[in-house]
Every structure is written in structure tokens, then in C-alpha cells.
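Notes to accompany the following structure.
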Amino acid sequence: MRKSIILLAIALLVMVSCKKDLEKPQPSVKVTKIADYLYEFEADGYSTEAPSEFMTDGGTLPLFGCSAVRNGNFYGRNLDFNINEICEFVIRTKATETRKHASIGVANTCLKTITNAQVDAGLSEELLKFIPWMMMDGINDAGLVCNINVVNMADLGDYKHTNTNPGAPKIMVMNIVRALLDNCGSVEEAKTFIENHDIIAVPASWDCHVMIADPTETVVVEFTGIEGLEVVYTEYSDYMHYPVMTNFYNFQYEVTGQYPTHACGIERYEILTENYDSSNTMEGMWNLLKMVHYTQSYKESTDPFWCSEFYDKIPTFDNYENPIEYWTKENILAEDEPAKEVAAYKIYEQTGQYNLEDGLWFTSHNSTYDIANKSLWVTIREKYEKRYEFKL
């Protein structure tokens, strides 16, 4: 009799436990193909902690050149990356007990080449966990919008970012957009979140900086320290300059008024600032970002020629004492590697064919955000005749 009572009690405990588990929100993922290279990814129940085992992938940060702008209610970014078969994912998430905010944004799995065929065949559980953390840009239900761009740490000299706050919970820099969207409702909350975490750099000579905006403020966040809290904020709500970020340290440019020695994206920055006033509508912001789509850097007819996208590959610039005086189209195209890329682009432009070894780049995706309406337009692979609209 006693044994029967014990077994019955155990059975009841199991039933209660199972019922509680069933009452909890169950993790689910829905992946819908929008077009080749573009998927909508609805993720509920993914891990609230970054899968850091996926974040080094050989110990280097993949290079990507990017542009970002905020003008009033509108925010735009281009993700520039090597021409490849990698898909883009529009990630949609809900708020939960452990996730403060719902969000929508765009992930690019630049650390892993995930192709159409791979997605269509069915993603592994490992990749389903990985993809939501590869957010390049996004907006949440509080109107917080942010993105990451790469920046050359050579301009910090020996004082480079490896981490920011030893002993605090760790966030890989490639995960920061996901973490901010999930946890922060304003620029001030984002700054507090960053200061309470140890932001870890992916080992590389290039790091990431972050533009963060809410309905009233914009800040660029850059990480400069070897150890200890070394974070620089450029507050554009109080600044005379436009909130524009490409691929050099904003804080160095704002302080000195001169581009850092290893600045990449100078021409993009100048186009964005010179035409900034046109970006005060959704259409205007989308068109502004279209003006700096990346393959223009390969067109000899582009005036001015985008010299800053190539200078770091040119041996004669190794001393970097005054590289700008050498930045001419003629000097750059006289060098083997840039000339090879320009020639390869001509073939790509005419035929659509490319060789990964040529290292050609394009604008992998453009995201244009309406902060008030929590909506975005997405254009992929420089196919500007077609844009896709999403709303949180």
C-alpha cells in the first residue's frame, strides 16, 4: 500500500511538472522565404544569452564596410560585404519574461556562409540558435534603433580594444545589436547596459563601433581600451556635426576635425553629410543610402573616385604619414590589387559572374527605418528595383 502511494505521488508530481512546462511559452522558429537570399525569421524562445561558441570562427572578424545615418524620425544603414552566397534574415522577435522588448531587424551570418540551399533544406538547431544573434541592425518596440559598422583599430596605436569591463557579464561585440534591442528602451538605457557588461572584441585588427538612437537622441559608441572601462560616446543630440557613421573612429574625427590616418569610407561619409538634408523622409533616407552603394567604388567614372576604400591595400602607403596627397585614381589603379578588383567588377557588371578570390564587394543589404512607425524597408544585393517592407 505504501509503495503504491509513493508511486502515485511520483506520478502526480511528473504530471504537474509536465503541465507547468506545457503552460510555459514553448520555443518556436518560423522561417519564411521572401526571395532568393532573403528570409523572414520569426524567433520566439531563442536563448537570451549569446552563443559565444559561434562568435570567433577562426579567431578573426570578417571585414565589412558600412554606412549609417540618423535624421529625425528616419534611420538608415548599408551593410557592405564581399560578393557571396550568404542570405539575409529579417529577424522578428516578441517580448517575454526574460526579453524586455520585441524587435525587428536584419541579420547577416557573415561568420558562417548560410546559403539558400542550406536554408531551404532545413536549418540545424545550432544555426537556428546562432542566426538571431547575428543582427547587423534593428529597431524595438520602444523605438530604439541601432547598428554596427567595422572600424580600423590601427588608429588607436597600441591601445586597442580587447574588452571593456573585466569581471562583468560578457557580450561579444558582434552580438551587441541583439543584446541592446532585447534589453534597452532608450539611448541612456543602452549606455548603462554597455557600462555594466564586458564588451569583448573578436580578435582582429578591425573592431566594431555602434550607432544607437531613440526618438530624441543619437550616440556613436566606440571601444578604445586594453582593459578597464574605456568607452567613448559621441552625443549627436548636442553636436554640430551630422549623425553619420562609416568606417573610421567618429570620436577622433569630431575632436580633431580631420580624418584618422587609416580612415575608410571617407567618400561615403562626405556624400552622406553633403546630402543629409534630403534624408528627412523614408524615401529620402532610402535614396541617400542608395547614393553610397558599394560597387560605385569600382567604377572609374565615379567622381570622386572612392580612394579611401583601397588605400590600405597599397604598399606605398605603409608609412601613413600623409596618405591623402597620394589618393588619386591614377595612383590607385596603378597598383596590382585595386586594378585587379576594378577589372573583375567590369566582368561582374556585364555578366553577373564573379570569383570569390577577386574580393569584390557590394551592398549586401540596405535597411531604412521609420522610428515612429517601427517599420523598415529592406533592399538586398543592390537590387534597388525591389524593396521589401516590414513592420514590427
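The values are calculated or read from the model by the stated rules, or taken from the named source; none is laboratory data. From a predicted model like this one, the values you see are computed outputs, not experimental measurements. Neighbour counts run over all protein chains shown; Cβ positions are idealised from the backbone, glycine included. Side chains included, ligands, DNA and RNA excluded: accessible areas come from the protein's heavy atoms. Shrake-Rupley method; radii C 1.70, N 1.55, O 1.52, S 1.80 Å.
At-a-glance table
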quantity	calculated
List R77, R387, ordered by accessible area with a 1.4 Å probe, largest first	R387, R77
Rounded accessible area per residue of the stretch 89-210, 1.4 Å, Å²	32 Å²
Sparsely packed chymotrypsin sites (Phe, Trp or Tyr not before Pro) within the stretch 59-132, loop by DSSP, other Cβ within 10 Å at most 14	none
Nonlocal amide H pairs with M135, under 5 Å, H built at 1.01 Å	R178
Whole-Hz couplings from phi, Karplus 6.51/-1.76/1.60, listed for the stretch 101-109; x for Gly and Pro	10, 7, 7, 9, x, 10, 10, 10, 8
Of all DSSP beta bridges in the stretch 134-258, antiparallel share, percent nearest 5	85 percent
Carbon and sulfur %, accessible surface of the stretch 119-186 computed with the full protein complex present, 1.4 Å	50 percent
Student exercise, the stretch 63-146 dipole from Lys, Arg, Asp, Glu Cβ charges, in Debye to nearest 20	340 debye
Within the stretch 272-308: backbone nitrogen closer than 17 Å to the L333 label point (7 Å, Cα to C-beta)	295-308
In Hz, Karplus ³J(HN,Hα) per residue of the stretch 215-224 (6.51, -1.76, 1.60; θ = phi - 60°; x = Gly, Pro)	x, 10, 10, 9, 9, 9, 10, 9, 10, 10
Probe 1.4 Å, all protein chains present, accessible-area order of T96, T109, largest first	T96, T109
Heavy-atom accessible surface of the stretch 256-389: percent carbon and sulfur, 1.4 Å	44 percent
